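The values are calculated or read from the model by the stated rules, or taken from the named source; none is laboratory data. Quick caveat, the model's predicted, so the values are computed rather than measured. FYI the Cβ positions are ideal-geometry reconstructions off the backbone, even for glycines, and counts take in every protein chain you see.
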Amino acid sequence: MHSALTVLSFTPPPVAALAEEARIQLKAARMWVMLARHHRNPKPVLASLLGGTTAAFCTLMEALVTAWPEAFTAYPPCACAVSPDEATLLDLLTQASEGQRDEADALLKDMLPPSDRQRLWAAAIRATPLGHGF
């Protein structure tokens, strides 16, 4: 008997192939997760990386790990690949920086209820230059 289900594969881009802004956001997310797991405040560490969006980025990460259906998977800061969760975060941030609300909603629709999607969208907007008027 053959199963009707197919396995979806995820082929992450290598970190080196990401745009500079995405590499910075990825590094910040990985550092945030690592520091949060050790009960350390990530804001002082991330300030040199994110500048004026540090507080907003930390708020986004807090909302994200709270809303995520399972533990958010972040690879170590030195990893050369991107986890599926990290890729979703980077897509959300890209869509927020481009004002693509419908695309962001579609990205998260199968994972999160509307209230969580709205909260993450608002937090993502604030964590991008678009939300800071740059």
Among the listed residues Ala96, Ala47, which satisfies the condition of being under 12 Å from the mean Cα position of the chain (by Cα) and at negative phi?
Ala96
So which helices (runs of 4 or more DSSP H) are wholly in region 20-88 and hold at least 3 residues that are touching a Lys or Arg at 6+ places or on another chain (Cβ under 7 Å) and buried (at least 17 other Cβ atoms within 10 Å of the Cβ)?
54-67
Based on this model, can you work out whether Ala17 counts as of a type in the set (Gly, Ala, Ser), modelled with pLDDT of 95 or more and surrounded by 10 or more Cβ atoms within 10 Å (Cβ to Cβ)?
no
Quick one: Ala71 ticks every box in (1) among the aliphatic types (A, V, I, L, M); (2) touching a helix residue (DSSP H, G or I) at 6+ places or on another chain (Cβ under 7 Å); (3) modelled with pLDDT under 95 except a single one, so which number is it?
(2)
